Amino acid sequence: MGNRKYLPIRPKRIRAVLVNHSFSLKRTKGDHEQWEGVVNGERKIVTVPNYSELKDPDLIKSIIRQSGLSRDDFYE
């Protein structure tokens, strides 16, 4: 992946990753969505902002951490 650990990612791609890991959309409030799923036996709630592209590495890292998935799952 080069020097950047957390490359920019579009919400559409995050949604696709979550759906592929059996997450489902639970609610939408304003410009944020909450997705729910079970990873390794634990219930996970992930908040995904509906921006055109997420560029902030801290925000991307937070979304990945919320999901309980690995960074590589988001960048396959």
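The values are calculated or read from the model by the stated rules, or taken from the named source; none is laboratory data. Here the structure is a predicted model, which means the values were calculated and not measured. Every residue, glycine as well, gets a Cβ built from its backbone with ideal geometry; the counts of neighbours run over all protein chains shown.
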* Asked: Which one of these does residue 14 not meet: (1) part of a helix (DSSP H, G or I); (2) free of Cβ contacts under 8 Å to residues at least 24 places away in the same chain; (3) β-branched (Val, Ile, Thr)?
  -> (2)
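Can you report the number of residues in the stretch 17-42 which are in a loop (DSSP other than H, G, I, E, B) and surrounded by fewer than 13 Cβ atoms within 10 Å (Cβ to Cβ)?
From the stretch 17-42, those in a loop (DSSP other than H, G, I, E, B) are 21-23, 30-31, 40-41; that's our starting set.
Of the ones still in play, those that are also surrounded by fewer than 13 Cβ atoms within 10 Å (Cβ to Cβ) are 22, 30-31, 40-41.
Of the residues in the stretch 17-42, 5 are in a loop (DSSP other than H, G, I, E, B) and surrounded by fewer than 13 Cβ atoms within 10 Å (Cβ to Cβ).
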* So which residues in the stretch 17-35 are touching a residue at least 12 places away in the same chain (Cβ under 8 Å) and under 19 Å from residue 70 (Cβ atoms), if there are any at all? -> 17, 18, 21, 22, 23, 35
* Of the conditions (1) within 16 Å of residue 11 (Cβ to Cβ); (2) at pLDDT below 95, residue 71 fails just one. Which one is it? -> (1)
* Search result, residues across the stretch 46-63 that are in contact with a Ser or Thr (Cβ under 9 Å, 6 or more places away or on another chain) and at pLDDT 95 or above -> 46, 47, 62, 63
* Mind listing whichever residues of the stretch 43-68 are in a helix (DSSP H, G or I) and either without any contact (Cβ under 8 Å) to a residue 40 or more places away in the chain or among the β-branched types (Val, Ile, Thr) (or both)? => 58, 59, 60, 62, 63, 64, 65, 66
* For the stretch 7-25, indicate whether the set of residues that are touching a Lys or Arg at 6+ places or on another chain (Cβ under 7 Å) and modelled with pLDDT of 95 or more is non-empty. => no
